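Only the coordinates and a few stated rules stand behind these numbers; no lab work does. These figures come from a predicted structure and were not determined experimentally. Note that each Cβ is placed from the backbone with ideal geometry, even for glycine, and that neighbours are counted across all protein chains shown.
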């Protein structure tokens with residue numbers, strides 16, 4: 001995928017937005033070619049220096065930017081020259097999808113293996129052990145706790161797991 005295509009992809013835009021937030025989006029959305037200082041970016045984008053630095057650090061933590069330091073011989077000041085590496089985005093997104101798959105699989109297993117009770121007044125859900133500890137009575141409003149059927153939730157989680165496995169080409173027995 002070409003660099004320009006990456007930046008125009010709504011999924012990638014959303015990913016960058018999730019990483020750096022709305023304040024950092026101007027930094028993430030239009031990375032310059034080559035090296036740039038945080039001060040130059042702040043000036044070009046008319047942003048606070050701390051906002052630019054925060055966004056750059058988040059991009060750095062996610063392997064989407066790197067820097068090299070230069071020390072001014074006269075003043076001893078350090079200058080950081082930043083370079084963007086958005087070619088890592090597809091790989092990062094795939095890793096995120098694998099983490100999501102794992103989390104949804106764990107949640108599906110949890111939902112399958114537990115029995116739940118619900119206070120229909122407060123909409124608070126309790127595991128069987130908790131409900132038993134409370135005498136099957138809501139600790140908030142004293143209403144009786146009703147057995148809860150979570151089959152629809154389990155089915156929805158199962159569908160999501162199947163869709164993610166399909167998208168990631170993950171074998172069920174892997």
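Brief remarks on what is shown
- The simple spin-label model puts a point 7 Å past each Cα toward its Cβ; for residue 97 and residue 169 those points are separated by 1.1 nm.
- Taking the range 3-84 and dividing mean pair separation by its residue count, relative contact order in percent (alpha carbons under 8 Å, at least six apart): 28
- Angle between the chain longest axis and helix 10-29 axis [Cα atoms, degrees, rounded to 10]: 60
- Förster radius 41 Å - calculated FRET efficiency between residue 46 and residue 159, Cβ distance, rounded to 0.05: 0.35
- Cα-projected label distance for residue 107 with residue 122, points at 7 Å along beta-carbon direction, nm: 2.3
- Against the main long axis of the alpha-carbon atoms of the chain, helix 49-61 sits at an angle near 70°.
- 0 to 90° range, to nearest 10: angle between helix 151-168 axis and the chain longest Cα axis: 30
- GNM top mover of 91, 120, 105 - the chain, alpha-carbon springs below 10 Å: 120
- One chain, two ends: residue 61 and residue 39. Fully extended at 0.36 nm per residue, the span grows by 6.0 nm beyond their Cα-Cα distance.
- Dividing the mean sequence gap of close Cα pairs (under 8 Å, 6+ apart) by how many residues the range 91-168 holds gives a relative contact order of 36 percent.
- Sequence-separation-based contact order of the range 1-150, relative, with Cα cut under 8 Å and 6+ spacing, percent: 15
- For the chain, calculated [θ]222 nm from helices alone, where every DSSP H run of n ≥ 4 adds -39500 (n - 2.57): -17500 deg cm²/dmol
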